[in-house]
1. Give just the number: which of (1) without any contact (Cβ under 8 Å) to a residue 40 or more places away in the chain; (2) surrounded by 22 or more Cβ atoms within 10 Å (Cβ to Cβ); (3) of a type in the set (D, E, K, R) does A:Asp214 not satisfy?
2. Tell me yes or no: at least one residue of segment B:264-272 is under 30 Å from B:Gly144 (Cβ atoms) and either among the aliphatic types (A, V, I, L, M) or in contact with a Phe, Trp or Tyr (Cβ under 7 Å, 6 or more places away or on another chain) (or both).
3. Residues in segment B:108-120: is at least one crowded, with 18+ Cβ neighbours inside 10 Å, in contact with a strand residue (DSSP E or B) (Cβ under 9 Å, 6 or more places away or on another chain), of a type outside the set (Asp, Glu) and within 13 Å of chain A (Cβ to nearest Cβ)?
4. Answer yes if at least one residue in segment B:179-190 is assigned by TED's automatic domain parsing to the domain that holds B:Ser253, over 17 Å from the mean Cα position of the chain (by Cα) and modelled with pLDDT of 95 or more, and no otherwise.
5. Out of everything in segment B:330-353 that is among the small types (Gly, Ala, Ser) and surrounded by fewer than 24 Cβ atoms within 10 Å (Cβ to Cβ), what residue ends up being nearest to B:Arg291 (Cα to Cα)?
6. How about segment A:65-83: which of its residues are facing chain B (nearest Cβ under 7 Å) and part of a helix (DSSP H, G or I)?
7. Quickly run through segment A:387-400 and pick out the residues that are touching a helix residue (DSSP H, G or I) at 6+ places or on another chain (Cβ under 6 Å), more than 8 Å from chain B (Cβ to nearest Cβ) and not polar (S, T, N, Q).
8. Restricting attention to segment A:2-37, report how many residues are charged (D, E, K, R), outside any helix (DSSP H, G or I) and surrounded by fewer than 23 Cβ atoms within 10 Å (Cβ to Cβ).
Amino acid sequence: MDPLIATALDTARARGAEYADIRLVSNREQRIVVRNGVVETMTADESVGLGIRAVYQGAWGFASTRELTIAAADLAAGQAVQIARASASHNGSGQTAARLLGSPVASRGSYTTPISIDPFTVPLDDKLSLLLEADREMAAVPQVTARMANVVFIREERTFANTEGALVTQTIYEAGGGVQATAVGNGETQRRSYPQSHGRQQGCAGWEYVVAMDLPGNARRTAEEAAELLTADPCPSNIDTDLIIDSSQLALQIHESCGHAVELDRALGDEAAFAGTSFLTPDLLNDYRYGSEQVNITADSTSATGLGTFGWDDEGLSAQATDIIRGGQFVGYLMSRESATRLDLPSNGCMRASSWNRIPLIRMTNVSLEPGEWTLDDLIADTDDGIYLETNRSWSIDDRRYNFQFGTEVGREIKNGKLGRLLRNCTYTGITPEFWRSCDAVCGPQHWQLWGTPRCGKGQPGQIAHTSHGASPSRFRDVRVGVMR
Amino acid sequence: MLGRERIRTLLREALRQCPAGADGDIYLTATEQALTRFANNRIHQNVAHQDAIAHVRVAVGKRQGRAVTNNLSETGLADAVRQAAEYARLMPEDPEFPGLPEPAPAQSVAAYDGATADCDADRRAAIAGMVCHKAADLSLDAAGFCRTGATELAVVSTLGADAYHAGSFSGLLITARSDDSAGWSKGGGWRMDAIDGEALADEAIGKAVRGRNPQDLDPGEYPVVLENYAVDDMLEALSFYGMGAQMVHDGRSWMSELHGKPAMSPLVSIYDNGLDPDGWPVPFDAEGVPRQRVEIVADGVVKGPVHNTYTAARAGVGSTGHQRGATGGPTATNLFMRPGDRTTEDLIASVDRGLYITRFYYTRLSHNRGCVMTGMTRDGTFLIADGEITTPVKNLRFTQSYVEALAGCQGLSDTAHLNLNEAGVAMHVPAALLGSWRFTGQTV
């Protein structure tokens, strides 16, 4: 064992910790952003440090340091225990680490994201050429006033060890890219993105993942669609209609209305001051109809290219797949060791920290809607009157994950089973269980795609998690659309 | 704390690695923070962290490259400078890049309190304990945090920039909950002793008690009295969706076609001032440029936006010192809304039928024209009838142009409250009476 790790764990034990764990993290990130023909950002970031958690009388303390020396690790371990003692002084005694955390975790091994091409070995010229070519394609559309093309590559090495005997090492790669065009005219501003909004599509993968997006080959079309939206008809206002929601928008719908709602820390009130709670309280587990029978949702930290894919979570639990919604019934939470123990369940390994200087929190892994059997063509043909919605533009949901409202970049009218006119400024709103119960059709695996959401905020101090969500286009009946002004 | 001399020495030594003919600057942020978090009337998370991040920029003619590291060793910083120089060499030219800013002295401003920076875990636990005990006494659950710490900012460049600032910070955030109600309060600033923890606890708890048994309310347009927490959300949105010159240039800002026009009520004046100790002062930006006071909206007329060196050169004006981070466009982060001349009670008394809103939650841009936002009310929403707060109501969704809402501002409170968020964004704002607010849905 690394002497630095051994020292930290020994110090924590010697100071009275009943349990301690340590994470050593080395993160390297490269970002390139081309904006309006200019390389706005080309940066190499590195961040290195360690964080130590300790339990004293059933209460937590955490400390971290960017200095990877035995002296600094020793100091941080002592500080973590001191903070845990302060927590215990308020909470009172009567709790033990064993009662807090359940069965010991003593995982051993190593894991590396499977990739074909290490993005850090690819020449910068290749990356710049790709982005500048995509930018030139968007610049060919005169109504476009703002263009952005970007790529990001991450390599993170993590070592986790605890006082129960766990010692695992992981190397996680991420790659992402995207283009975005903003058009102005006709008293409107409209944006179109590819492959998805919020800047980029991202996955645990190598350079090949970005090459496969073909950003230059899709940039012109993206810009043209932004311009086309300037004169498109507005979304019908405040009507109930049938929606077919595309895979990427549905991914964010899953994230907000299911993924967060099944985080057990939220359900238990631990996030009440910030992220909020959840309507899916523990008394509803295995006894609540969340959606229609077509709705099957899993949390799977083994999905290929998922941003929630790893070897072990940040408590040393192995990657695994568990049911969340089965045939519309609410059957599972995302859990930590501590929260699972409170329900007398084993953890399903969802504790993740955004950095060495943050504690692990319950975070989504890859929470996905399983594919159904429809083809998209058949589903559109089967819809008399509705709207096909693509690509998220705005998103909001209440603190219990009931009332949501989303906007999309694009809508297309569906009339008599055929796609019709383009619609701009589309929004839809609803109440989570009513919405998912109205789902009557899910497209098949040929339409299923895993989408990265690399900006999921939670916790205080704040953390940004990288998660993914798979979905195929699906139909929802009688949804309220067109809430704008 | 690293201290000015140590930082200056480290950064100057690192910049020696700049190649001949190149200029370089380093923006360093060093933060030590401790945060005690509580929920269900117990401390469930209790953390301390520190980090120091050097943002290196090297400019060669019209090319610039960047590197970021938290390895402040001699070799770590030198490697980052060499990496940035290599990137600069590989970059295509940016014809509009004006070069690094010439050094200018920044005004010193008091924003550091040793007792706040050095506050220990026992004191934070005691404050958390006080809040939890008060809540438990009324059968409520308290959640929130108490945080303390300090930040050092420095910019050193080969052109001679040598800026340093140390600021402390503190915050106490409280949510008190019953089965069907919640209340909220938040205090913060650079001096912990300016926070009245007992009063904040009473404020959140009082709301939770008063909010029990909330009633349904039909969505529609209502006059609203917004507490300062809700006004804070409005200013943050107006800042991030449009007070920066890059967004205005791109046509993505709510300001884009409103410059010089009376878009808001004459009661509304908004300005950014990084030097006012009533805010969370930061006297220079990430380029080392001294912060200027910038009028964003004056008596309802749109003035702004804020600039960095790049956008200022393009516009033919001087930088206002608003480059917030090492990358991205200029941002207004020390905003003040000029208070009015009425008490909050007076604002409420002037409403026949409307809503009293504690704060907004999960607000997101629906459309940039007019800054149309959607979001929810949270932690204390009440009906106002005949000039008095009456029934609590279930939380409501709104879809509302913030610019149009401020055009209908009918009054502002005579006191303002500092809202300092975790990212160092500070909004000093009063409560507001707005003539109309569009509620478009209700939650369960």
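1. Failed condition: (2).
2. Among the residues of segment B:264-272, at least one is under 30 Å from B:Gly144 (Cβ atoms) and either among the aliphatic types (A, V, I, L, M) or in contact with a Phe, Trp or Tyr (Cβ under 7 Å, 6 or more places away or on another chain) (or both), which makes the answer yes.
3. Yes.
4. no
5. Of everything passing the filter in segment B:330-353, B:Gly340 is nearest to B:Arg291 (Cα to Cα).
6. Selection gives A:Gln79, A:Gln82, A:Ile83.
7. Across segment A:387-400, the qualifying residue is only A:Leu389.
8. Final tally of qualifying residues: 7.
The values are calculated or read from the model by the stated rules, or taken from the named source; none is laboratory data. Bear in mind that the values here come from a model prediction, so they are computed numbers and not experimental data. Glycine also receives a Cβ, built like all others from the backbone with ideal geometry; neighbour counts cover every protein chain displayed.
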